[in-house]
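The values are calculated or read from the model by the stated rules, or taken from the named source; none is laboratory data. These numbers come from a predicted model, not from an experiment. So basically every Cβ, Gly included, is an ideal-geometry build from the backbone, and we count neighbours across all protein chains shown. Quick note on the areas: whole protein, heavy atoms, side chains included, nothing else; ligands and nucleic acids left out. Shrake-Rupley method; radii C 1.70, N 1.55, O 1.52, S 1.80 Å.
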Amino acid sequence: MTLATFSKRTADSWVSVRTLCESRHPAAVLPSGKKPLLVKQLLEHLGGGDDNGLVLGKPISLTNADMALAIDLIAGKAGNRLPIVYVSAPSSNKHFVRIGNLSHKLAGMAHLVVEPSRSFSWRLRDQVNSENVYGGAVGIYWPDSGGRRSQFRRGDFSSINEMESAIEEEVRAALINRRPLDRCTFSSVDSAISRSEIEHYKKEGNKGFDEYAAHFDVELLAKDESLESAEREIARLKAEIREHERIRAMQGGVSFSVGQEADLYAGEILDVVLGAVQAEVGRAIQGTRRRHIVEAILESNKVVGMAPRSREKIKEALRDYRSLDKKTIAILEELGFVVEKGNHPRIVFQGDERYAFVLPGTGGDWRGGMNAASDLANLVF
C-alpha cells in the first residue's frame, strides 16, 4: 500500500510518499519495499523542485567554486531535507558507479552529488576534519546529523551493480525509519480539516459551540507548546551529536590527534595504531598494568584489515608483470593509485607525492614483478 500526502505553502510544496507492506500471517516473509511508481510520475509531471537550493531528480556536479557548499553538505548544514549521496573523484577518470544509473535509482529519495577532482577532495579534507570520502568511494551524509553515515568502496563489492544496489538499499532502509515532515503526515491533514471546520462553525456565531471550541483551543495550544518543546530538544540533541562527531575517539573516551595525516584508505590509521599496540604486548611484562591495558585495547577494537587485502591484490596484479596493461592499471587505480604512463610508468598513491613509485617499463621475469609488488606494498600498506 502506498500513502501520499501533499502540503503547499507560500514558500514551497512537499509531497511525502510512504510504502507500507503488511502481512496477515506471522510466518510470511515480506519483500523489501520499493520506490513507488508515483515518485517517478511526480518527478516527470511536476519537475524536481528545490530543496534549499539543491534540485531534485538529477545529479549535482560540483565545480571548484563550490567548496563552501561541499563543506556544508558533508557537515549537514546546507539546510536540505533529503540525504546527500556524495561520489568522490577517483584516482582515474572513471567513477566506480554509473552516475546516470545511480541518479535514476535515487531520484526522489536523495541528492546525488559528484565531486569535480581529486585536488578538490584534498582541499575539502582539510576543511571537514577528514570526514569526506575520497578516492572514488561513495558516502551518504544526512542533514543535521539526522542519520548514520555510510561509505561504499569499489573493492568491497564484486560488481558495479552490487555497489549501486547497496547504496540504494542503504538510503531506502534509512528513509523508512526517518521521521517524516510534520506537515506531510495524515495527522497533520486531519488537524487542518478539523481547524477548518471549527473556524466554519465559529463564523456561524453559535454561542454554545464557541464555548465548546474554546476548550479545544486551549488543548491544542498546550499540544503545540509541547511539540515546540520537543522540537527544541531534538535540535539540542542534534547539536550534541555534531559535537561528539568532531571528537575522534578510539575507545573508552581516549582521543588523540594525528596531526597533518589522514586516512588514505578506510581504517588505515586505526590499523597502524592497533599494530603498534599489538607489538607492545610482546614487550609488556605479564600481569602488569601496562600489559592489561594494551590487551584490553586489542580486545575492544576491531582491525579493519584493508592493508592485507590490498597487499594481496598488488601481488596478484604484478605476479606475471611484463608491461603495464589495462588490467593492471584497473587494479592499481581501484586500490587508489594515480597511474602515469611512460617508458617507466610512475604511480602515486592517493595523489600523495610522498608515495610515488616507478614500475619497470618491461618486466624481465616473474621475480621482477614480485619484487616490485613487495616494495610497493611495503611503501603504502
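Structure data summary
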{"quantity": "Within segment 304-349, considering residues that are assigned to a strand (DSSP E or B) and charged (D, E, K, R), the one nearest to residue 274 (Cα to Cα)", "calculated": "346"}
{"quantity": "Among (1) free of Cβ contacts under 8 Å to residues at least 60 places away in the same chain; (2) at positive phi, the one test that residue 129 misses", "calculated": "(1)"}
{"quantity": "Residue match in segment 315-322 (condition: of a type in the set (Ser, Thr, Tyr), modelled with pLDDT under 90 and open to solvent by less than 60 Å² (accessible area, probe 1.4 Å))", "calculated": "yes"}
{"quantity": "Unmet criterion (only one of (1) touching a Gly at 6+ places or on another chain (Cβ under 6 Å); (2) at negative phi) for residue 155", "calculated": "(1)"}
{"quantity": "Options 330, 307: the member that is small (Gly, Ala, Ser), within 33 Å of the chain's Cα centre (by Cα) and under 16 Å from residue 381 (Cα atoms)", "calculated": "307"}
{"quantity": "Odd one out for residue 349 among (1) surrounded by 14 or more Cβ atoms within 10 Å (Cβ to Cβ); (2) under 20 Å from residue 122 (Cβ atoms); (3) free of Cβ contacts under 8 Å to residues at least 60 places away in the same chain", "calculated": "(3)"}
{"quantity": "Criterion: of a type in the set (Val, Ile, Thr), open to solvent by less than 40 Å² (accessible area, probe 1.4 Å), in contact (Cβ under 8 Å) with a residue 24 or more places away in the chain and not in a helix (DSSP H, G or I) - qualifying residue of 140, 167", "calculated": "140"}
{"quantity": "Out of 165, 159, sole residue that is polar (S, T, N, Q) and closer than 27 Å to residue 14 by Cα", "calculated": "165"}
{"quantity": "Any hit, segment 170-180, residues being in contact with a helix residue (DSSP H, G or I) (Cβ under 7 Å, 6 or more places away or on another chain), of a type outside the set (Ser, Thr, Tyr) and surrounded by fewer than 15 Cβ atoms within 10 Å (Cβ to Cβ)", "calculated": "no"}
{"quantity": "Any hit, segment 287-303, residues being closer than 30 Å to residue 95 by Cα, open to solvent by 30 Å² or more (accessible area, probe 1.4 Å) and part of a loop (DSSP other than H, G, I, E, B)", "calculated": "yes"}
{"quantity": "Residues (small (Gly, Ala, Ser), open to solvent by 10 Å² or more (accessible area, probe 1.4 Å) and more than 22 Å from residue 175 (Cβ to Cβ)) located in segment 71-130", "calculated": "91, 92, 117, 119, 130"}
{"quantity": "In segment 58-70, residue farthest from residue 143 (Cα to Cα) [restricted to those that are surrounded by 16 or more Cβ atoms within 10 Å (Cβ to Cβ) and among the aliphatic types (A, V, I, L, M)]", "calculated": "62"}
{"quantity": "Qualifying residue in segment 66-83 (condition: closer than 30 Å to residue 335 by Cα, in contact with a Ser or Thr (Cβ under 8 Å, 6 or more places away or on another chain) and either free of Cβ contacts under 8 Å to residues at least 60 places away in the same chain or basic (Lys, Arg) (or both))", "calculated": "no"}
{"quantity": "Residue match in segment 255-269 (condition: of a type outside the set (D, E, K, R) and in a helix (DSSP H, G or I))", "calculated": "yes"}
